[in-house]
1. Got the relative contact order for segment 63-149 handy, in percent, Cα pairs under 8 Å and 6 or more residues apart?
2. May I have the convex hull volume per residue, in Å³, for the Cα set of segment 554-600?
3. Sort the following peptides by mean Cβ neighbour count (other Cβ atoms within 10 Å, averaged over residues), highest first: 196-206, 717-727, 259-269.
4. Out of V392, L536, H261, whose Cα points farthest toward the positive end of the dipole of the chain (charges: +1 Lys, Arg; -1 Asp, Glu; placed on Cβ)?
5. Would you kindly state how much longer the chain becomes between T391 and D323 on full extension, computed as 0.36 nm times their sequence separation minus their alpha carbon distance, in nm to one decimal?
6. Give the order of S106, S549 when sorted by the count of other beta carbons within 10 angstrom, beginning with the fewest.
7. For segment 324-379 and segment 600-639, what is the separation of their Cα centres, given in Å?
8. Less than 15 Å Cβ to Cβ from A686, Lys/Arg counted +1 and Asp/Glu -1: what total charge do the surrounding residues give?
Amino acid sequence: MTCEKNKFSYHVVRRSRLSKRACLALVLFACPLLLAVRATGQEAATVRTAAPQLRVATEADRKDAWPMFRANAARTGYVAGKLASQLHLQWVYQAPHRPSPAWPRSPRMPFDRAYQTVLSYHGIVVFGSSVDNTVYALDAMTGREVWRFVTDGPVRFAPALWRDRVFVASDDGFLYALHIAHGGLLWKIQGGPDLSSILGNQRLISKWPARGGPAVVGNRVYFAAGIWPTDGIYLRAVDVRTGKEVWRNDDSGAIYMAQPHGGANAKSGVSAQGYLVLSGNSLFVPTGRAVPAVFKADKGTFAYFHLQKYGHQGGAPTMAVGDMFFNSGTGFSSNSGEKVTQLSSGQLAVFKDGLVHANGKQLMAYRWVEVKKPDRKGKLVTSRALEPAWTVKSVTGGGELIAIGDQVISGGPGRVDMVSGSQQKLTWSATVEGQAYGLAVAKGRLLVSTDAGKIYCFGPAKVSATAKLVQQLDPSPYGSNARYAKLAEEIVQRSGVKEGYCLDLGCGDGALAYELAKRTQLHIYGVEEDPQLVQLARKKLAAAGLYGSRVTVQQRKLNKTQYPKYMADLIVSKRSADEDLASFPRGEAERLQRPYGGKICIGPAGSLQVQQRGALTGAGKWTHQYANAANTLNSDDTLLKGRLSMLWFRDVDLDVPQRHGRAPSPLFDQGRLFHQGIDALIAIDAYTGRELWRVGIPGLLKAYNGDELMGVSGTHSNFCVHDGSVYVRDED
């Protein structure tokens, strides 16, 4: 993990209850600790500009900050204070890439739709990138970059701040503690048991990505890793100073519990998908599309998870208020998890004496009142309830909602609005590019993050010219690079591989990967053992604007990458072109080479050795609805054995009938999965989840959606595979 810098120029689909359609998500399984690391010399930060001078902070200083997503560990979105009634644009930062959400088609999991910012009391803005795996720190006054730190995976959550520390959760499975002044690594801790990786929605990530966004309370920082219960879910509480584990819950992925369908019980568990929330002794773990699970914050013991009872509700956004928590517009008791109150869908934030709610059309304020209701035994008990207080119409929404003192700020498509609670009217608006999913307030400034990859800073003072900060790309980070340009040309010509996943085992400074990226559409992963070369490669590729989006470099052992088997369409090696071929890790390369056509191309230009992998010996076929033309329901595969584990997952943009409609099953032949949608037929690489081709056939399937319908069990399938061709019956 390294910290680097760039040059900048300074210028004047949720899981809905749709009646007819569902989304396709494909997963593939394959047969089958804690790590705290101190910083090394190679993991020191490279600082671009002088950070604001750090001084001993007073209590007032510490309050003038936005240290976590939505201000605090309860995610209330509220802070005391006041902004100027009229704000002016100070600077605009354009990130090198637009955000790349983990679940782009799920409105229930919007946690990484924008680069969510936090703002320290030192005046430093920090955010992470879901594209280039990098944590950035900016000067809040100027927007200029102060430092950056590179992780091994997408950073999908806002960091959490504590005094001079920045806590960052990454899809590489680690929680990092960085120094706020210079970005140097203080310690890191691994969420899962090892470095095993999988392909997740076309990104190489940990099998246990840190998808429980970090939260700090007292001297502890909390995070969660793992999203597939069968592979294990890990909740951790860690000492903020040392990185030492306080407690660990590693059995929450194997809980025998009620499933969404009534009467169904099975061993499954909690899948961490969203920002962790803490209030009192309750730790709320958002589970993505379902309601949150709740644990005891002091020791990490499981409390409850009402998956079956509230199976049609849920989502990642969660907020705790007093003895209640809110999720998807519903208020629940923190003690029992039982439903207490119901609001409509939209964004919520704490406001003085109540809550505010935005739905994209209007802003509504509610106040807390005491009411008497009968309990189960008929006895009247006093409880809190919400009643409407006031409404302001024509206020944007749908992105984010926060409040500072008497002022409410709402973000939506192309706009940010401010409403005065005392005046009950819209007092200020500003236009932005994209949907405003991120809001943060501190130091008299408002930060707005959008899904266009932009961060806007508004302040009280008028400026003569707005600062616009955009990365300045280097068109030739490797100079002429003629030697590796020639080698890349020969690799492309002889392999014929221009799309898919490429591994560069022994990538050095990334010169060969750079040339391959220029000539192909490959997504390239470079593996290098020398940490200094890793840092150099990242720096050069970032300068070219390719890092993360096209080329990613990781420090791993060449003969034990712990990457998923069969992942590589093409394997190359810069080291093999520079040194003797004996240094090439052939055994590991052959493990990673994709069956049915994956290529290994090693050696120097003019002496290139090319090896193509054929069929996977022992792999079976599934060419008809019931396995084969004889309908035996018996595959001839001899390889698959338990225990199964995740190999890849992919959220495919294809509308399919709901599971109740009993659509035809996917078919498999020659390393490809064939799947039908309502209006299309697609082919998927069975070993990586990559879409290979798509043929549009309107009305190919009907959107059956009821248990009473026979579906394919009565109508039979309408397609099969034979001898390299797919046969589809389109019409009756």
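None of the figures in this text is laboratory data; all of them are computed from the coordinates on show. As the structure is a prediction and not an experimental result, all values here were calculated from the model. Neighbour counts run over all protein chains shown; Cβ positions are idealised from the backbone, glycine included.
1. With pairs under 8 Å counted, the relative contact order is 23 percent.
2. Numbers: hull volume 3.6 nm³, N = 47.
Here the figure is 77 Å³ per residue.
3. Values: 196-206: 22.1, 717-727: 13.9, 259-269: 12.0.
Put in order of decreasing packing, that is 196-206, 717-727, 259-269.
4. Towards the positive end, the residue furthest out is V392.
5. Values: separation 68, 0.36 × 68 = 24.48 nm, distance 2.56 nm.
Computed gain between T391 and D323 is 21.9 nm.
6. Numbers: S106 21, S549 16.
Listed from fewest to most nearby Cβ atoms, that is S549, S106.
7. Using only Cα atoms to place each centre, the spacing works out to 55 Å.
8. Details: positive: K565, R594, R613, K621, R650, R672, R690; negative: D569, D637, D669, D685, E691.
Result for the neighbourhood of A686: +2.
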